Amino acid sequence: MAGFIRRFPNFPPTDVLQAIEGINIIDLPPPGSPQGVSENVIGLVGEFADMTYATAVDASGNITTDVQPVEIFGGQDLVNKLGGFDFSLGAFGTGCGNGMVELRNKSFGRLVVAPVNLASSAGIRMWRQLPTNKSATDPTPVVPVSAASVPAGYLLKDSAQVLEHLKVASAVMFSAHVAYLTGVDGAVTNAAAAATTTFTSAGGGFTTVARPDGKVGVKVGDILVTGVVGLAGAQGDDAGTFRVVSITSDTVVVVQALNGANFDFATTSVVLAWRLHPATDADSYGESVLANQAAFTVRARPITNDAGTGASGTDGSWATGTLLSPVTAPAALTATTADPLSGLAGAVGPTTAVAYTAAIQKSNAVNAAGIDALYLSAIAAFLHDDVPETEVAHLWAARKSNTIRNALSTHAILASAQGVGRTVSISPELNQTLSTVIATVTGNAAPGVGANRDESTFYDWPPVLTFVPEAVGTIVTCADGSTTSDGMLDTTSDGWLASVLGNLAPERNPGEATATTKAALGPILGYARGVPKMDINVWELLRLRGICGVRMDKTVGPVFQSGVTTSLSAGRKNIARRKMANYIEDSLANALKPFCKLPLANQMKDGALGQCVDFLEILLSPDNAAAQRIHGYLVDDKSGNTPQTEEAGIFVIIVKVRTLASADFIVIQAEIGEGVVTTSEVPQ
C-alpha cells in the first residue's frame, strides 16, 4: 500500500497517527550517559580592589550593592576582574579579609568569587588628556593615541587637600580611536573666562561627519584636541583637550574644560590645528557633559574623611565637585611625548557627595557590624539560581567573625535544602590568646568549633605561614601582634582546605598525603606565629571535637590530620562521606531532570531507574578496579511506591550506596626479637 512516511521524536496520540495512511517512525533518543556534577568548584567571598562585580549603577548614577559571583579563569583573569593586590584591604593578624592574599599560592579545579562591596553609594568620573597635535599644519597626534587603564586600587587625592586620599574601586578603561575629524582652521576668540566657549571650523562637518561607530556627527562628550603644546603663539597658547557640550551647527561646537572650570582661549586665532575623538578615548563615561551626575559611575572607596587633616577614624564625605588628582602624577604632555595617562584627573559628581564610612572603608578596617552585613550579602549571592553560583560545591570567606561563621554554616544548610549540595570551611580569627587557644577552638562558645556544628561545616585550625611576594616591603600585622615586611604572612587554614577539596575527588579524604594534597599544601611553610606547641594528645582532642587541622608532619610535610566535619553524630563525621553524598545525590538529581513531568508510564520508570543504575555502575566500576569509587549500591523502584503516591504524581527511587572507607587507622602488629619464631630464617 502506498502511503506517506512520517517521523516522530516520541510516540504521538492515536488521532495523529490516523491522520494519514503510511509508515510512522518513532525515533526515540537513546538513553544518555549520566554525568556526575563537579565537586571541584570552590567559592570565595572576600574583599578585592575592584568592586564592579559587587555593585550596580542605576540610570541616575546611584551605586548599590549587587553581588554577582564571577568565575575566574587564571591569574590574569583574576586581576582583570577583581583588581590586583591592595594591602589596605583586610585586617591582617586578626579577621583577615583580603581576597587576593586568601587566594595567593592556592590552586583550584574551578574558582568562583563574590567580591564584597566597600564602595560608596556615589561614584566619581575620570579623564585624561590626549597627545597634542604635531604641528600647525598637521593635526595628527605626536604619538598614536593608546588605550589605557586606571586599575582598581589606584590612589587619588583631593586636589585642594593633599592629605585626603581616595581609591578607585573599579577599573577605568580609555579607548584608542583614530581621530574621526581633523582640520587646521580652528577659530577661537580670546574673551573673559567662562564655563564654556565656542570653537569654529570653516571646513565644518560637525553635523555630517561619518563616525567609526556608525553614527553621524559630533556627539556631546566627544573630545576636542586643539593646538600644539609648547609651540609659540596661538598654537601653544590655545593648546588643550576639551569636552564638547553642544553642537551649534555644522561649523560650530561649544566646549568645556575637562574639569568643568571656567577657562578662556588665551589668543584669538583662526588657524588652530584640531582633531575630534570619541568621548571614551579620554573620559570614563562617554557621551555626557560634566554636569550629569549619572555619568559619575566609577566606583570609589575613600580611605580618609576629606576634612583636611587626612583623618580616617571618623565618618565624612567628599563634597560635590571635589577635584581629584593622582598621588603620583603620570608624566605631562610635551610637544613630542605623551604618557597614556597624561593629565589624569577626576571629580566627585555635581549633585551627590561621596560618603566615607570609616568602619568599612578605612585602610585595614577591623571587623565591624557594617562589614559583617556586606559579607552576608555576598554569601547570599551564592543562593541565586544561576551559573556559576549554582555549581559551587564548597564555600569559604576571607574574613573571620562570629557572624560570618554563623552565616556560612546556615548557608550550607539552606543551599543544600534548595537543591545544591554545599559544604563550607570556617576558621577562628588569627589573634587567639596563646595560653587559652586550645580551649577556645575546641570549646562550644564562639569562635570555638562547637558554635557551628553541622556535617556540612568544616572547622579548620591552626593557621599557617606562607610567602606572599607582593607583601615584601609592606608592613603587615602578624597573628601574634607583631609586624613583618618580609612577605611571610599568617593565614587561616580554611582556604587551604578549600584548595585541597578543589583538587580532590569527593570520595577522597582531604587528610591523605598524596601528590595532589602535597601540591595543594606545598606553599605552606609552617605554623603561623602564635600557634602553641602541640603533642598527640592535642591532636586527638582536635579530632574528637570535630576540627580538621593542618599538621606539619616531619615526613610528608603539611597535611590535614583528620578529615572530619564539625558534626559529632555517628555516620556524619567524615568530610569524604558528606562530599560523596552531595556528589552522588546531585548527580542523580541532574540525571533525572529530563524525566520530570513526563507521564508515569513503565517506560519512563525504567528509563529513570536505568539512569541511576548506569551512574552508580560507573562509580562501582566492576571491570576496572583502578576506577572504583564506591563499595557497592542498591537501587529499588518498588518499595517506596504505592498506587496512592503514583496517583499523586510521586515516583520514589530508593538508592543506597556504600562508600569506600579511608584507611585512617593502619595497624602494624609486630614481634621483634631474638626468640621470635619466623617462617623464613637464614640457615646457620
Which residue is nearest to Arg578 (Cα to Cα), if the candidates are limited to segment 480-493 and must be part of a loop (DSSP other than H, G, I, E, B) and within 26 Å of the chain's Cα centre (by Cα)? Ser493
Evaluate the following for Leu276: is it of a type in the set (A, V, I, L, M, F, W, C), outside any loop (DSSP other than H, G, I, E, B) and in contact (Cβ under 8 Å) with a residue 40 or more places away in the chain? yes
What number of residues within segment 361-381 are more than 14 Å from Thr65 (Cα to Cα) and of a type in the set (A, V, I, L, M, F, W, C)? 4
Arg301: of a type in the set (D, E, K, R), outside any loop (DSSP other than H, G, I, E, B), assigned by TED's automatic domain parsing to the domain that holds Ser175 and under 25 Å from Thr132 (Cβ atoms), yes or no? no
Can you tell me which residue is modelled with the highest pLDDT among those in segment 547-561 that are part of a loop (DSSP other than H, G, I, E, B) and either outside the structural domain of Ala439 (by TED's automatic domain parsing) or surrounded by fewer than 22 Cβ atoms within 10 Å (Cβ to Cβ) (or both)? Gln561
Going through segment 348-365 one residue at a time, which ones are of a type outside the set (S, T, N, Q) and either surrounded by fewer than 16 Cβ atoms within 10 Å (Cβ to Cβ) or closer than 21 Å to Asn62 by Cβ (or both)? Val348, Gly349, Pro350, Ala353, Val354, Ala355, Tyr356, Ala359, Ile360
Hey, among the residues in segment 183-206 that are outside any strand (DSSP E or B) and under 50 Å from the mean Cα position of the chain (by Cα), which one's surrounded by the most Cβ atoms within 10 Å (Cβ to Cβ)? Phe206
Can you find even one residue in segment 124-146 that is in contact (Cβ under 8 Å) with a residue 12 or more places away in the chain, outside any loop (DSSP other than H, G, I, E, B), of a type in the set (Gly, Ala, Ser) and over 25 Å from Asp238 (Cα atoms)? no
Any idea how many residues of segment 485-523 are surrounded by 21 or more Cβ atoms within 10 Å (Cβ to Cβ) and under 22 Å from Asn431 (Cβ atoms)? 10
Are any residues in segment 382-406 surrounded by fewer than 21 Cβ atoms within 10 Å (Cβ to Cβ) and hydrophobic (A, V, I, L, M, F, W, C), and if so, which ones? Leu383, Val387
Restricting attention to segment 646-660, and to residues there that are exposed (fewer than 13 other Cβ atoms within 10 Å of the Cβ) and either outside any loop (DSSP other than H, G, I, E, B) or small (Gly, Ala, Ser) (or both), which single residue is farthest from the chain's Cα centre (by Cα)? Glu647
Applying the selection to segment 210-249, what residues are under 38 Å from the mean Cα position of the chain (by Cα), of a type outside the set (Val, Ile, Thr) and surrounded by 18 or more Cβ atoms within 10 Å (Cβ to Cβ)? Gly221, Asp222, Leu224, Phe242, Arg243
Within segment 147-173, residues aliphatic (A, V, I, L, M), crowded, with 20+ Cβ neighbours inside 10 Å and not in a strand (DSSP E or B) come out as Ala152, Ala169, Ala171
Quick check: is even one residue across segment 49-70 part of a strand (DSSP E or B), out of contact with any Lys or Arg (no Cβ under 7 Å at 6 or more places or on another chain), closer than 30 Å to Pro510 by Cβ and modelled with pLDDT of 95 or more? no
Which listed residue, of Val289, Val271, is aliphatic (A, V, I, L, M) and outside any loop (DSSP other than H, G, I, E, B): Val271
Picked from segment 77-94 (must be of a type in the set (D, E, K, R) and in contact (Cβ under 8 Å) with a residue 24 or more places away in the chain), the residue nearest to Thr466 (Cα to Cα) is Asp86
Anything in segment 569-603 that is more than 19 Å from Gln418 (Cα to Cα), assigned to a helix (DSSP H, G or I) and within 30 Å of the chain's Cα centre (by Cα)? List them, or say none. Ile575, Ala576, Arg577
All positions within segment 227-259 that are within 20 Å of Asn190 (Cβ to Cβ) and polar (S, T, N, Q): Gln235, Thr241, Thr248, Thr251, Gln256
Looking at (1) over 30 Å from Ala479 (Cβ atoms); (2) crowded, with 21+ Cβ neighbours inside 10 Å, can you tell me which one Ala345 breaks? (2)
Output the residues belonging to segment 620-639 that are within 39 Å of the chain's Cα centre (by Cα) and either over 30 Å from Asn602 (Cα atoms) or surrounded by fewer than 13 Cβ atoms within 10 Å (Cβ to Cβ) (or both). Ala626, Ala627, Gln628, Arg629, His631
Going through segment 450-479 in order, the residues found to be aliphatic (A, V, I, L, M), over 22 Å from Gly571 (Cα atoms), touching a residue at least 12 places away in the same chain (Cβ under 8 Å) and not in a strand (DSSP E or B) are Val468, Ala471, Val472, Ala479
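The values are calculated or read from the model by the stated rules, or taken from the named source; none is laboratory data. These numbers come from a predicted model, not from an experiment. We place every Cβ from the backbone using ideal geometry, glycine too, and count neighbours over all the protein chains shown.
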